Amino acid sequence: MDEKQIEIMSQWFELCYNNEISLEIAATMGEKIINAYSSPHRSYHTLGHLHHCFAILDQIPYEIEEKNDIRFAIWFHDFIYDPKSESNEHQSAEIAYKWLHGLGVSNPEHVRSLIESTANYLEPAKDVLTYQVLHDIDLGIFASDEKIYTEYSKGIREEYGHLNDKQFFLAREKFLNSLMELDSLFALEAFEHQWEGKARKNISKEIKKIKKL
């Protein structure tokens with residue numbers, strides 16, 4: 001593992017330790033997580049994405065009792081990722097549920113529900129703090145600096161390499177326009193104030209680039 005992988009995986013082992021999961025069991029699942037997020041077909045949904053998610057979680061200005069549930073949900077939310085599939089979140093959620101349930105750790109039902117909620121961000125987040133937090137964490141990339149956002153959009157294009165440019169950019173523009181039509185991209189007031197304008201600016205720029213193709 002490189003330095004970044006070591007840094008992010010140290011958080012996995014800390015989470016497992018805090019939940020009294022044995023080192024052997026944590027290491028076995030940790031290896032599966034590394035393999036999943038390091039798959040050759042991934043360009044954006046990698047360990048780097050997880051690192052970004054946890055960095056945002058640490059900025060949340062609220063007390064969250066179920067923070068462990070959110071952490072487990074982040075780790076597993078893109079465990080299964082096939083751009084051609086519409087069941088990634090469901091499959092990932094089931095893996096998380098079975099593993100946590102088998103260990104009697106955290107709240108497996110809640111973690112499963114959190115992961116499944118990431119399947120469609122065009123629908124408003126549930127009016128529950130944990131769902132709102134995960135919603136905003138996963139969409140946080142839209143409010144990133146221009147260079148990071150460009151890398152993100154490039155990574156998404158690479159992951160959908162099975163589509164030709166016409167197919168991809170038609171679908172991408174439709175998705176981005178749907179985001180722009182939302183009353184608010186972010187569920188939490190703190191992130192709406194901090195990120196809404198920047199996210200809409202990034203999305204608008206990408207739409208303009210697509211129209212020029």
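No lab work stands behind these numbers, since they all come straight from the coordinates. Predicted, not measured: the structure shown is a model, and the values here were computed from it. For neighbour counting, all protein chains shown are included, and Cβ atoms are generated from backbone atoms with ideal geometry for every residue, glycine included.
A few remarks follow.
- Violating pairs (Cα-Cα greater than 27 angstrom) within the set K126/K209; K32/K166; K4/K147; K98/K154; K174/K212; K154/K201: K126/K209; K32/K166; K98/K154
- Neighbour net charge for H49 - beta-carbon separation under 12 angstrom, K R +1, D E -1: -2
- Principal-axis analysis of the Cα atoms of the chain puts helix 165-180 at an angle of about 80° to the longest axis.
- Counting Lys and Arg as +1 and Asp and Glu as -1 over every other residue whose Cβ lies under 14 Å from the Cβ of G30, the net charge comes to -2.
- Helical contribution to [θ] at 222 nm, DSSP H n ≥ 4, -39,500 (n - 2.57), averaged over the chain, rounded to 500: -21500 deg cm²/dmol
- Sequence ranges 45-52, 32-39, 100-107, ranked by mean other-Cβ count within 10 angstrom, highest first: 45-52, 100-107, 32-39
- Computed over neighbours whose Cβ is under 9 Å from that of S184, the net charge equals -3, Lys and Arg +1, Asp and Glu -1.
- Relative contact order (percent, whole number), the range 132-205, Cα cutoff 8 Å, 6+ residue spacing: 52
- For the range 47-106, GluC sites (Glu not before Pro) are listed when DSSP marks them as loop and at most 15 other Cβ atoms sit within 10 Å of their Cβ; the list is E63, E65, E86.
- Of all the options L114, L170, L185, the one that moves most in a Gaussian network model of the chain with Cα springs shorter than 10 angstrom is L170.
- Calculated Cα extents along the principal axes in Å (choose from (1) 59, 38, 31; (2) 54, 37, 31; (3) 98, 46, 26), label: (2)
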